[in-house]
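Written below as structure tokens is the structure these notes are about.
Coordinate-derived values only; no laboratory data. Source: prediction; values computed, not measured. We place every Cβ from the backbone using ideal geometry, glycine too, and count neighbours over all the protein chains shown.
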Amino acid sequence: MPELPEVETIKNMVKGVLLDSIIEKAEIRQRKFREEIPQNFAQIVEKQKVVALRRIAKYMLIDLSNGYTVIWHFGMSGKFRIFAAKPEVLGKHDHVIITTDKGVLVYNDTRRFGLITYCETAKISENHLLGKLGLDPWDEKLTAEYLLAKLKNKKQPIKLGLLDQEIICGIGNIYASEILYKARIRPDREGDSIKKTEAEKIVLYTREILQKAIEAGGSTIHDFKNPDGDTGYFQNQLCVYGKSGERCPDCVCNLKTGGIKKIVQGSRSTFFCETLQK
DNA sequence: AGTGAGGCCTGAAAGC
DNA sequence: TGCTTTCAGGCCTCAC
């Protein structure tokens, strides 16, 4: 579920419980996720101080005082809740409970597509999960030229190019549709058909949309909840995602054209306006 | 090498 | 009402 803005929201909200705290206990009630939680996970993190919280792509990183970093991914349905003390009653999918001297984090992940592991902080760039990731949206190396070079000879639709975490990392299915809408580019265009001015728009709107989404606390389409139990608000600003048949906000045409279209690409839904996106 | 389909899991919502 | 099918903010692996 969570894309970059939602992970950023989660990171900001767990700061109070995690940053500069001492991890007293890591209770693992379920180990089977996208990767199994390592057997010695609790041993690695317990009694350590949290020295930094970071986000890389859709991963949250927790840097510990012993030179290890916890790598946490939320998959489609992962979420935290924050408590002052461990709740007496836990839910079916409350899989991991982190107790610090500042509070308790309960990790709930219905579908278990998330992932929790660790690696040496110094070796993050070699990590198999993090090492191959492309540029962060705000990396200054992300330019129209970079994007064009990555899209060269790509016959894949541009929408799938935006979802490719080895090009730009952090964009997910909602924001890919939104970015292409703002850039006025049809999602089914071949990657290598993108012109320089269009690549510039993609870079610009990637940053703008993700930034606005972070400011709104992310998007809640199905069940995203931040650690306070609240939904995000960016869904109210979405232009096309999930709105097939409706009129897009900037459209000059009428509904006789059928409104916003939904197509399937790479077995995921894409939404776009046939009138405005060329 | 690059691409598309299928799979991992569970539950909500839609369809019949 | 109840059963079946479809779909979901991600990502990996396997065939071609």
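In terms of its C-alpha gyration tensor, the stretch A:183-259 has an oblate overall shape, because the principal axis ratio a/c (a ≥ b ≥ c, square roots of the eigenvalues) is not below 1.5 and a/b does not outweigh b/c. Pairs of Cα atoms nearer than 8 Å and 6+ residues apart set the relative contact order; for chain A it is 18 percent.
What aspartates and glutamates could a cross-link reach from residue A:32, if we take a straight Cα to Cα line under 17 Å and drop same-chain neighbours fewer than 8 places away? In chain and number order, the partners are A:94, A:109. Here is the P(r) of the stretch A:144-273: all C-alpha pair distances, binned every 10 Å from 0, give 13, 42, 34, 11, 1 in whole percents. You can think of it this way: the chain between residue A:52 and residue A:149 has 31.5 nm of extra reach, that is 0.36 nm per residue less the Cα-Cα gap. Across A:225, A:92, A:243, mean-square fluctuation computed from a Gaussian network of chain A (C-alpha pairs under 10 Å connected) peaks at A:92. Place +1 on the Cβ of every Lys and Arg and -1 on the Cβ of every Asp and Glu in chain A, take the dipole about the Cα centre, and give the residue among A:270, A:245, A:30 whose Cα lies farthest towards its positive end. It is A:245. Label-to-label distance for residue A:278 and residue A:208 is 1.8 nm, based on points extended 7 Å past Cα in the beta-carbon direction. Cross-link pairs exceeding 24 Å between alpha carbons, from the set A:154/A:195; A:159/A:225; A:47/A:132; A:132/A:182; A:15/A:212; A:159/A:261: A:159/A:225; A:47/A:132; A:132/A:182. Residue A:150 sits among other residues whose Cβ lies under 11 Å from its own Cβ, and their net charge, with Lys and Arg +1 and Asp and Glu -1, is -2. Straight-line cross-link reach from residue A:201 at under 20 Å between alpha-carbon atoms covers these aspartates and glutamates, not counting any fewer than eight positions away in the same chain: A:136, A:139, A:140, A:145, A:164, A:166, A:178, A:188, A:190, A:192, A:250, A:274. Around the Cα centre of the stretch A:168-263, unit charges on the Cβ atoms of Lys, Arg, Asp and Glu (plus for the first two, minus for the last two) sum to a dipole of about 460 debye.
Specify whether the C-alpha gyration tensor of the stretch A:1-54 places it in the rounded, prolate or oblate class, a ≥ b ≥ c being the square roots of the eigenvalues: rounded for a/c under 1.5, otherwise prolate if a/b is larger than b/c and oblate if not. In terms of gyration-tensor shape, oblate. The charge dipole of chain A, taken about its Cα centre with unit charges on the Cβ of Lys, Arg, Asp and Glu (plus for the first two, minus for the last two), comes to roughly 820 debye.
In plain terms, the bigger the Kirkwood radius, the slower the diffusion; for chain A, with that radius from Cα pairs, at 4 °C and 1.567 mPa s, Stokes-Einstein puts D at 65 µm²/s.
Rounded, prolate or oblate: which one fits the stretch A:4-126, using the alpha carbon gyration tensor with axes a ≥ b ≥ c (rounded when a/c is under 1.5, else prolate when a/b beats b/c, else oblate)? Rounded, since a/c falls under 1.5. Modelled label positions at residue A:76 and residue A:89, each set 7 Å beyond Cα in the direction of Cβ, lie 2.8 nm from each other. The simple spin-label model puts a point 7 Å past each Cα toward its Cβ; for residue A:188 and residue A:126 those points are separated by 4.6 nm.
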